[in-house]
Amino acid sequence: MDAIAGPPAAGPVNPFSPTAVARVTEDGTDATTVVTVAIRDAIAHLDNYLHTGDGGTVAVVGDYGTGKTHLAVELLAHTRRVTGPAGRAIYLDAPADTFLSLSRQFLGRLSRDAVRALLEDCRSESPAALAARAGDPAGTAIDLLAGRLREELVEVTTNPSFGTVLAMLLDPATEAMAWDWLMGYPPGPALVAAGVTARADVEAGAVETMGVLALLHGRRHERFVLVLDELDKILSTAGRPGDETMTRFARMIGVFASAGAFLVIAGLPDMLHLLSPDVRQRIGPIVRMSALTAEDVRDFIRQSQLRAFGEARLAPFTVETTEYLTNLADGVPRRMIRLCYHLYQRAVQAGTPVTHVMVREAVRVQFDLASRQDVAADVRRVLTQDGWSYQRDHLVGSMRDLPVDFWIPLEEQGAGCCVLLSESVLKSEEVDELNRRVVAIRAAVPDSEVILVVVGHLPADFAADLAATFSVEPIVYDPQSFAEDLSGIVKASMRRLEQVVGADALTSVRQRVERIQSQQTNTQRSIERLSYQLDEIRGELRQDLRGSADRLDSDAGAQRRAATVVTSPLPGRVARVFVEALQALDQLTGFERRLRGAFAPPLAGAGRLAEGGTPLRSRLRSRDVQRALGTSMVLRRLIEAFRDGIEQWYGIHLRDPQPTDLERLDQLCETYDGIAEYLPLFQLDALGDLATPGEGGDDAVDLTDRSRSWSEARSVFDGLSGRVRQLMVAG
């Protein structure tokens, strides 16, 4: 144990991070590292690669806050220390998007200049350099380099366009177009003239691009390491990944292995479950993040204070408080670091060492750990709802004994069940004290059951010791399951007591009837409280609906004005395309028409509005309808945002036309298509009833016509960007 001779060493800054979120920079991170089993294993796999050059993939999995990103930073720093300038290590935080977005981020981290430098090295060692020095035309040199690259890249791709495009990246006249093609955009005129075609599968092409560049680095540097953090964001973007996503990911693993690169994929434990069995077999070792031990925590505290103050001391912490802290935080690194920050701050301000009370308070405040008062309230709620009569702080035994927190008597039998509340049990002495309390309770009331509720942490070995003495295994408080657990245990304990004391049938029936009556009374009170709350909500909703009706009228007017083509700055034909798209969406859903109709006044002579919003309410009960309406609203906002972007582009194009204007127009159209592709438009089928006009009305149509109109409406959304581009280019 570290001796605490005086107040803790106070420094100008708190040596611990308040957020404990790892940050990655070009030079790594300045965070303190404790070498855990996971870090040792991961670095051992990396060292094997750096020594042998055998490419492959390692998976790092762990929950939030367990140090995955920090481990990634350590791997990057280790690679740079071992390889120096001869190696390359790159970190990518995977976007919640596609492999194309990942590839563009990868290219951005490499930079165009770095890729050009690689190609210059390749040209200097290839026949192309000799041809250039011999006075051959530049075109011949580029052709020779392209051929050399195609031969070299055959291990990761059979697409000849890669060799051509990479060679053209060295020509200032075609450099920009070549880089755009690598970024996944269609080939420019010069590339088309050189035989480069648009890629049929842009996502697969993006994976190949990363493999190609990894191979170029691996051939001209000793080693190439890519750390891909939070990969599960890509895999779970659209729910469970489909066959295409798995194929592309498998291809990614394959091309990096072929390129002789070391790929590290990090993510939540669910990441492995998202992968198909075939893909999982392609992944090499799996490193699982482990919890910190109390010794790890003490090592971390000493290292942190050494870095901040030049002295590796444990104060203001002690061995006991670090053990306590580790148990309460379950050894999760992010929790530990945040708690160290707050505890250090409190100890310095108080001028005392960190105490157990400080630890409990910090855990409760920072991580919403329940207090004994919170749990006592939950116990009261459970016992009341189940109809048990109980006593708080009941004295069992002599005045020297502590009262039990809750006593549930078995009427007229001199028996009962008690509930004891305890904070974290972290010492064997605390286990012994609880066992002594059970012995004392049973000595005073032989026919008794004792239930222990632990508010905090209970090690597994201590739980086993206590279960042997108590009637049942202790309950460790969990707000999600506590009510159900306690209710079941109390009922089972009281039934056992009835059997033990041999209560007669009439008494048992009477007690159960009384409990049922108590439950009914409590239920009635809950219903009355709920009814009162609903009345209040109803009153608030009436006010909101009156305001909503006014806003709907205003919005309807705004939409009608927006549908007037004359008000749009776009050419008339283009403006009509957007108007038709929004009208088609209204035709598909019918929601806004139904909603306005629910609040519309009755027609003259029609009497009181009988229907109101009843049909709409009945349809909105369906979750499929709710999801479909959400999709339709996102689609409406997407079309409107696309229209706004085209209007801005058109205004700039008119004022100051530039050669790159059409490229920007293409980007706008691709953005619309990329987002629309992820919208589940098939869900709009659930809105068929809403879109169906009222029976017998002037707008009634048969089902065949409605089906035809739905098909036509969908085609409007699918081909919107193509028609807009065609009309804008035509002028």
Index of the failed condition, Asp673 passing every other in (1) within 30 Å of Pro569 (Cβ to Cβ); (2) modelled with pLDDT of 80 or more; (3) surrounded by 13 or more Cβ atoms within 10 Å (Cβ to Cβ): (2)
Note on region 399-409: residues more than 46 Å from the chain's Cα centre (by Cα) and open to solvent by less than 40 Å² (accessible area, probe 1.4 Å) are Pro409
So which residues in region 367-398 are open to solvent by 60 Å² or more (accessible area, probe 1.4 Å) and either part of a helix (DSSP H, G or I) or β-branched (Val, Ile, Thr) (or both)? Phe367, Arg372, Gln373, Asp374, Arg380, Arg381, Gln385
Only one of Glu449, Glu433 that is among the acidic types (Asp, Glu) and in contact (Cβ under 8 Å) with a residue 24 or more places away in the chain: Glu449
Among Ala464, Ala440, which is open to solvent by 30 Å² or more (accessible area, probe 1.4 Å), farther than 24 Å from Val500 by Cα and among the small types (Gly, Ala, Ser)? Ala464
Looking only at region 410-437, which residues are out of contact with any helix residue (DSSP H, G or I) (no Cβ under 9 Å at 6 or more places or on another chain) and buried (at least 19 other Cβ atoms within 10 Å of the Cβ)? Arg437
All but one of (1) in contact with a Pro (Cβ under 9 Å, 6 or more places away or on another chain); (2) open to solvent by 20 Å² or more (accessible area, probe 1.4 Å); (3) within 28 Å of Asp113 (Cβ to Cβ) hold for Ala176, so report the exception by its number. (1)
Those residues of region 194-232 which are without any contact (Cβ under 8 Å) to a residue 40 or more places away in the chain, hydrophobic (A, V, I, L, M, F, W, C) and over 20 Å from Asp243 (Cβ atoms), in sequence order: Ala194, Val196, Ala198
Which residues, counting only those in region 62-106, are more than 25 Å from the chain's Cα centre (by Cα), modelled with pLDDT of 85 or more and crowded, with 19+ Cβ neighbours inside 10 Å? His78, Thr79, Ala89
Picking from Thr197, Thr209, Thr158, Thr164, the residue that is crowded, with 22+ Cβ neighbours inside 10 Å, of a type outside the set (Phe, Trp, Tyr) and more than 27 Å from Val58 (Cβ to Cβ) would be Thr164
For region 48-98, how many residues are of a type in the set (S, T, N, Q), under 16 Å from His217 (Cβ atoms) and without any contact (Cβ under 8 Å) to a residue 40 or more places away in the chain? 0
Among the numbered criteria (1) at pLDDT 90 or above; (2) touching a helix residue (DSSP H, G or I) at 6+ places or on another chain (Cβ under 7 Å); (3) open to solvent by 10 Å² or more (accessible area, probe 1.4 Å), which one does Gly260 miss? (1)
Here the qualifying pairs (Cβ atoms under 8 Å; residues six or more apart or on different chains; first in region 485-506 and in a helix (DSSP H, G or I) and of a type in the set (D, E, K, R); second open to solvent by less than 70 Å² (accessible area, probe 1.4 Å) and modelled with pLDDT of 90 or more) come out as Asp485/Ile475; Arg496/Glu449
Top-ranked residue of region 132-159 - restricted to ones that are closer than 26 Å to Gln105 by Cβ and in a loop (DSSP other than H, G, I, E, B), ranked as modelled with the highest pLDDT: Asn159
Per the list (1) open to solvent by 40 Å² or more (accessible area, probe 1.4 Å); (2) within 27 Å of Thr98 (Cα to Cα); (3) of a type outside the set (Asp, Glu), residue check on Leu144 breaks on (2)
What pairs come out if I take residues in region 310-338 that are free of Cβ contacts under 8 Å to residues at least 12 places away in the same chain and pair them with residues that are surrounded by fewer than 22 Cβ atoms within 10 Å (Cβ to Cβ) and not polar (S, T, N, Q) whose C-beta lies under 7 Å away, six or more apart or interchain? Ala312/Arg302; Ala312/Leu306
What tally of residues in region 417-438 results from selecting those that are at pLDDT 90 or above and assigned to a strand (DSSP E or B)? 6
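The values are calculated or read from the model by the stated rules, or taken from the named source; none is laboratory data. Predicted model, so just to flag it, every value in this text is computed and none were measured. Counting neighbours? That spans all protein chains shown, and the Cβs are built from the backbone with ideal geometry, glycine included. We work out accessible area using only protein heavy atoms, side chains counted, and drop any ligands, DNA or RNA first. Shrake-Rupley method; radii C 1.70, N 1.55, O 1.52, S 1.80 Å.
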